[in-house]
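Presented below is the structure to which this report refers.
The values are calculated or read from the model by the stated rules, or taken from the named source; none is laboratory data. All figures in this text were calculated on a predicted structure; none of them were measured in a lab. Every residue, glycine as well, gets a Cβ built from its backbone with ideal geometry; the counts of neighbours run over all protein chains shown.
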Amino acid sequence: MARQKRGWNSHQLRLRALPHFARLRREVPFCEADKAEWQAAADRIAGPAGWYSVAGTHADWGCKLIHFATVAEADAMQRWITESGIEARPGPGAYSGTQLSVAGGEMP
């Protein structure tokens, strides 16, 4: 019996619709303010539905790839990344709040 071919998933369709990308190289995690800033920049460049971000793989390991529909949008985002210096900003510091203890255990 012939097996029916699987259809495309939404992730694959989105990447096909947005083939051009900007690389955001950053080893440390983003602060919430930094994440909101690069997302707002992508919204300004392509509109809220005009971009899609994924983690880089293989050659782009350690990058966030921000996909766009046109080369001009991807170049504008790459320029913004370079000019803003977001790649070199420090990540969030260590958590310094109270810690939860386990069932009757004492805090060190």
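Here are some notes:
- Search result, residues across the range 52-98 that are of a type in the set (Lys, Arg) and in contact with a strand residue (DSSP E or B) (Cβ under 8 Å, 6 or more places away or on another chain): 64
- Residue selected from the range 12-52 under the condition free of Cβ contacts under 8 Å to residues at least 40 places away in the same chain and under 17 Å from residue 63 (Cβ atoms), by the criterion surrounded by the fewest Cβ atoms within 10 Å (Cβ to Cβ): 27
- Flag for residue 58 being out of contact with any Gly (no Cβ under 9 Å at 6 or more places or on another chain) and touching a residue at least 24 places away in the same chain (Cβ under 8 Å): no
- Exactly one residue among 64, 5 is surrounded by 10 or more Cβ atoms within 10 Å (Cβ to Cβ) and of a type in the set (D, E, K, R), and that residue is 64.
- Of all the listed residues (25, 3), the sole one being of a type in the set (Lys, Arg) and more than 14 Å from the chain's Cα centre (by Cα) is 3.
- Just one of the listed residues (75, 43, 34) is touching a helix residue (DSSP H, G or I) at 6+ places or on another chain (Cβ under 9 Å) and either at pLDDT below 95 or not in a loop (DSSP other than H, G, I, E, B) (or both), namely 34.
- Test: residue in the range 16-36 that is among the basic types (Lys, Arg) and in contact with a Ser or Thr (Cβ under 8 Å, 6 or more places away or on another chain): no
- Screening the candidates 85, 62 for the property of being modelled with pLDDT under 90 and not basic (Lys, Arg) yields one hit, 62.
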